[in-house]
Amino acid sequence: MDIQTKAVLAGTVKDSIYNSVITPIYPTSTFRFDRLGQHKGYDYTRSGNPTRAALEENIAALEGGLGAAATATGMAAITAVMFLCEPGDHVITGNDIYGGSYRLFKDIFSKKGLSFSFINMMNLKEIGKAIQKNTKMIWIETPSNPLLHIVDLQSTIALAKSKGILAVIDNTFLSPYFQRPFEFGADIIVHSTTKYLNGHSDVVGGTIVYNDKKIEEKIKFLVNALGVSEAPFDSWLVLRGIKTLACRMETHQQNALKIATFLESHPRVKKVYYTGLKSHPQQALIKKQMKGFGGMLAFELDTSKISLDTFFSKVKLFQLAESLGGVESLIEHPWTMSHASMGPEGLKASGITQETIRVSVGIESANDLIGELKNALGK
Ligand SMILES: *Cc1c(COP(=O)(O)O)cnc(C)c1O
């Protein structure tokens, strides 16, 4: 089955009593045993719930994985995965990863006995040099947020495998519709389903997808023991959101390409970062590992010509807000908002400047969106 069909149907048929077309919500904390030692597959919702199971089956199918665990947030998924590491283990990751992941690694797990190398993941040699005897995991985010740097999935994962290191990919930015890291041998994929998978900015959630029985056992244990699983109603919302993933991603992409092209031609814009533009320096890699460009873009405003305040005060259709991946367009200032927790040094290392503006392009009319940007940028 193609991914469009899986998005609508995989895992969703769960009602054998009334044949409801849509997966029922089971808002129960506990399940009755038929008799001592015998139940119908579920005993307690933290450990398992039929609505959540439907979502997990669905996302696993989209990624082409063996199974998945749906978690309360994206950070909950990332936290659970990090617990695969033991004190003394070393993790290699990018210097431009999602701000919340950076904070979790640096301010929490570094103090629990793990060590991290935050490096330029676009450079395979640098990754090779960062590998130590105790390196347990390579954490990959591609395209990066917000500058859309691409990490070579095939060679980075191959390098990890050759050294027995776990390769984990945060696939939030493209969703399985545009990128499927298991095709390159990834061990684990995580998502913030808050973003494109749910797509409607009305729920937070995460997921861990795996392709191996042993990893499945560990992840299922961790998600239950840590207590980070997704609530039934939230699972149901994400499952509903995913049904339209394919159409949404196509429209996000069409709009983003039009907006990026417009911004690139504007004299008050110094630089545009979008994977669908010819000016993106990693064309070959984009073609090789991505099935599309997605809906995220960033640009550098020429603040010698227009101030950030003036620009931001004139955008209304683009709502000034963090987060991304919803049907509505959002705009924000990474330096003071989404990436502020990285601190000035972390920000500089990642290439973000005070002039960087990030846009999550929605599915509204591209004409309306461009009209507003034209007006906000001025002459
Ligand atoms: C939002 C996001 C997360 C964190 O997910 P939450 O649902 O906000 O906890 C992790 N990684 C990336 C790339 C994200 O965009």
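The values are calculated or read from the model by the stated rules, or taken from the named source; none is laboratory data. Because the structure is predicted, anything quoted here is derived from the model rather than measured. When we count neighbours, we look across all protein chains shown, and the Cβ atoms used for this are built from the backbone with ideal geometry, even at glycine.
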Check ILE119 against each of (1) surrounded by fewer than 20 Cβ atoms within 10 Å (Cβ to Cβ); (2) closer than 20 Å to VAL228 by Cβ; (3) without any contact (Cβ under 8 Å) to a residue 40 or more places away in the chain and name the one condition it does not meet. (2)
If we ask which residues in the stretch 138-157 are of a type in the set (A, V, I, L, M) and in a loop (DSSP other than H, G, I, E, B), their number turns out to be 4
Looking at (1) charged (D, E, K, R); (2) without any contact (Cβ under 8 Å) to a residue 12 or more places away in the chain; (3) loosely packed, with under 13 Cβ neighbours inside 10 Å, can you tell me which one GLU86 breaks? (2)
Mind checking which residues of the stretch 53-84 are touching a helix residue (DSSP H, G or I) at 6+ places or on another chain (Cβ under 6 Å), assigned to a helix (DSSP H, G or I), within 16 Å of the ligand (Cβ to nearest atom) and of a type outside the set (Val, Ile, Thr)? LEU55, GLU63, MET75, ALA80, MET82
For the stretch 244-254, check the following and say yes or no: at least one residue is free of Cβ contacts under 8 Å to residues at least 24 places away in the same chain, of a type in the set (Gly, Ala, Ser) and assigned to a helix (DSSP H, G or I). no
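Got a number for residues in the stretch 191-224 being among the charged types (D, E, K, R) and within 14 Å of the ligand (Cβ to nearest atom)? Quick ask: steps written out before the conclusion?
At the first step, the residues of the stretch 191-224 found to be among the charged types (D, E, K, R) are 195, 202, 212-214, 216-218, 220.
Subset that is within 14 Å of the ligand (Cβ to nearest atom): 195, 202.
Residues that pass the stated criteria total 2.
Would you confirm, using the coordinates I've provided, whether SER155 is surrounded by fewer than 24 Cβ atoms within 10 Å (Cβ to Cβ), away from the ligand (no atom under 11 Å from the Cβ), modelled with pLDDT of 95 or more and over 26 Å from GLY294 (Cα atoms)?
Taking the combined requirement at face value, the residue does not satisfy it.
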I'd like the full set of residues that are surrounded by fewer than 15 Cβ atoms within 10 Å (Cβ to Cβ) and part of a strand (DSSP E or B), limited to the stretch 264-321. LEU320
The conditions are (1) within 16 Å of the ligand (Cβ to nearest atom); (2) buried (at least 21 other Cβ atoms within 10 Å of the Cβ), and PHE105 fails exactly one of them. Which is it? (2)
